[in-house]
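Single-structure report; data block below.
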Protein chains: 2
Amino acid sequence: MLTSSNPTAPNPPEAGLAAHERVYRTLRLRIMYGELDPGMSLTLRGIAAAFDVSMTPVREAVRRLAAEGALTMSSSGRITTPDLSPERIEELASLRALLEPELAARALPRAHMALIDRLRAINGRIAEHVAKHEVAGYIRANLEFHRTIYLRAQAPAMLALAETVWLQLGPTMRALYSARNRTDLQRHHRMILAALAAGDEPGLRLAVRTDVTQGLKMLVG
Amino acid sequence: MLTSSNPTAPNPPEAGLAAHERVYRTLRLRIMYGELDPGMSLTLRGIAAAFDVSMTPVREAVRRLAAEGALTMSSSGRITTPDLSPERIEELASLRALLEPELAARALPRAHMALIDRLRAINGRIAEHVAKHEVAGYIRANLEFHRTIYLRAQAPAMLALAETVWLQLGPTMRALYSARNRTDLQRHHRMILAALAAGDEPGLRLAVRTDVTQGLKMLVG
DNA sequence: GAGGCGATAATGTGATCACATTCCCAGATC
DNA sequence: GATCTGGGAATGTGATCACATTATCGCCTC
């Protein structure tokens with residue numbers, strides 16, 4: 001079992017990892033960042049060829065992603081990207097509205113100035129991606145903004161659940177992007193930063209809830 | 001690939017299913033119902049032998065369970081049942097306290113008399129299991145009580161998240177059983193039923209939250 | 001021209017084998 | 001008596017093959 005004898009691998013972080021882990025992580029990020037369209041169908045052999053591995057590790061990676069809701073498997077085992085119904089989108093939005101204010105509130109006591117500076121920097125990157133119309137980059141930076149806050153909550157299980165929700169919404173996110181008002185976005189993030197700096201928990205909960213819910217609502221209607 | 005030519009299979013519901021699915025479901029229930037002790041180690045070959053299949057479907061089932069937090073995999077791939085730290089237990093309890101009142105509240109408008117009767121019957125079974133000191137049976141009936149309510153919420157993604165939390169707490173549940181006050185349990189469930197019958201949403205949220213949190217709290221301290 | 005139908009390709013599933021790594025314990029050494 | 005060490009057993013990983021099922025598309029019939 002060759003581990004790092006493949007000279008074509010240019011990327012150190014993905015070296016030394018088991019093949020199934022590498023496939024899993026790569027697919028997971030692509031899905032979460034909306035790089036795959038909803039309802040897109042994948043095949044084990046296709047993925048295996050793309051990653052230059054056999055079907056075996058791909059099957060494990062895909063099964064794992066399906067367990068997280070990042071992929072859908074038909075009764076006959078066919079693999080597709082989830083194509084969410086409006087009801088499901090609304091439900092996932094409710095979950096975000098339930099989990100993320102709680103995470104933010106738990107992070108609040110531990111949020112210092114350094115964190116807020118980092119968040120401001122991320123906000124800057126978001127603006128850049130929006131200006132350049134880079135959808136995946138925008139989604140990635142936006143989620144990074146949220147994750148940076150929630151990491152301070154010291155609640156790994158809760159964060160994992162939130163990421164599961166992001167994952168399920170991933171393919172739908174791209175569609176959301178075009179429908180969204182850009183200035184609203186920045187405004188909500190600024191409200192979050194203000195509440196964070198002021199130590200205002202109710203305000204923070206509301207700001208996070210609004211930011212999270214806003215875009216998804218117009219996707220349904 | 002033989003599907004149902006095995007004459008030793010006595011159970012129709014598990015026939016016709018793919019091997020990995022059968023392994024997955026069986027292990028999942030055993031974990032959720034606290035039949036496996038925390039920190040217990042499993043092996044692919046051992047599971048494969050127990051289910052009379054090869055390692056291949058077992059690997060998929062285990063990977064899937066690990067993705068849900070029902071199993072833990074060490075960096076070297078060793079498989080163990082999760083052994084939760086007190087902090088983690090507290091966090092999972094918080095998640096239950098967050099998700100389940102919401103599910104109950106959503107189910108409330110759809111809760112009719114027939115549902116309450118079914119819940120009363122389940123409560124009766126819980127009492128029987130307690131009297132007979134059947135741990136797994138008690139846990140199963142208790143979760144069935146909750147799931148029966150939440151199914152009415154028409155929120156599959158939210159219910160799936162709640163079940164994920166139950167799954168992670170599964171192996172720890174057995175320990176919880178012995179520490180728990182039996183009469184308290186029945187009292188909380190009766191409070192839930194009363195609030196359900198009265199259409200009292202705040203009361204229902206509180207009752208569910210209390211029932212869910214109570215036992216887990218004393219497990220930490 | 002539209003709808004059913006059969007052959008063929010595509011796809012997921014499971015078993016088996018070879019291999020690298022890790023764990024575990026017996027035996028040696030200080 | 002405790003600690004280090006070496007070897008064998010145990011374990012997870014990945015590739016390959018055979019097979020059943022399913023989807024797809026071209027062809028035929030009405």
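We did not get these values from a lab; they are worked out from the coordinates using the rules stated. Because the structure is a prediction, the values reported are computed rather than measured. Here the Cβ positions follow ideal geometry from the backbone for every residue, glycine too, while neighbour counts run over all protein chains shown.
Check the straight Cα-Cα distances from B:Lys217 and name the lysines below 29 Å, setting aside those fewer than 8 residues away within the same chain.
Filter leaves B:Lys132.
Along Cα→Cβ at 7 Å, what distances in nm separate the A:Ala194 label point from those on the other copies, shortest first?
4.5
Rounded to the nearest 20 Debye, what is the dipole magnitude of segment B:125-221 about its Cα centre when Lys and Arg each give +1 and Asp and Glu each give -1 at the C-beta?
180
Once the Cα atoms of helix A:86-107 and of chain A are each reduced to a long axis, what angle between those two axes, in degrees from 0 to 90 to the nearest 10, is obtained?
60
Consider just the alpha-carbon atoms of the protein assembly as shown and return their Rg together with their Dmax, both in angstrom.
When restricted to Cα atoms, the protein assembly as shown yields Rg and Dmax of 23.0, 69 Å.
Give the nm distances, rounded to one decimal, from B:Met218 to the matching residue in every other copy, measuring between label points 7 Å along Cα toward the beta carbon; shortest first.
5.2
Assuming R0 = 51 Å, can you tell me the calculated FRET efficiency for the pair A:Arg125 and B:Met113, based on Cβ-Cβ distance, to the nearest 0.05? Don't jump to the answer; show the numbers that get you there.
On the way: r = 56 Å, r/R0 = 1.10.
Given R0 = 51 Å and the Cβ-Cβ separation, E is 0.35.
Along Cα-to-Cβ, 7 Å out, sits the label point; list in nm, shortest first, how far the one on A:Glu144 is from those in the other copies.
Inter-copy label distances (nm, one decimal, shortest first): 5.0.
Taking chain B as the reference, fit the longest principal axis to its C-alpha atoms, fit the long axis of helix B:201-220 to the helix C-alpha atoms, and give the angle between the two in degrees, 0 to 90, nearest 10.
50
What is the angle, in °, between the Cα long axis of helix A:182-198 and the longest principal axis of the Cα atoms in chain A? Nearest 10 is fine, range 0 to 90.
Once rounded, one gets 60 degrees.
Based on the alpha-carbon gyration tensor of chain B and its eigenvalue square roots a ≥ b ≥ c, which shape applies: rounded if a/c is under 1.5, prolate if not and a/b is larger than b/c, or oblate?
It comes out prolate by the Cα gyration axes.
Treating the Cα atoms of segment A:95-221 as identical point scatterers in vacuum, please give the log10 of the normalised Debye intensity I(q)/I(0) at q = 0.18, 0.20, 0.22 Å⁻¹, two decimals.
-0.96, -1.20, -1.46
I need the P(r) histogram for segment B:12-59: all alpha carbon pairs, bin width 10 Å from 0 out to the longest distance, whole percents.
26, 54, 20, 1
What FRET efficiency would be calculated for the residue pair B:Ser75, B:Leu44, taking the C-beta separation as r and a Förster radius of 22 Å, to the nearest 0.05?
The value I calculate is 0.85.
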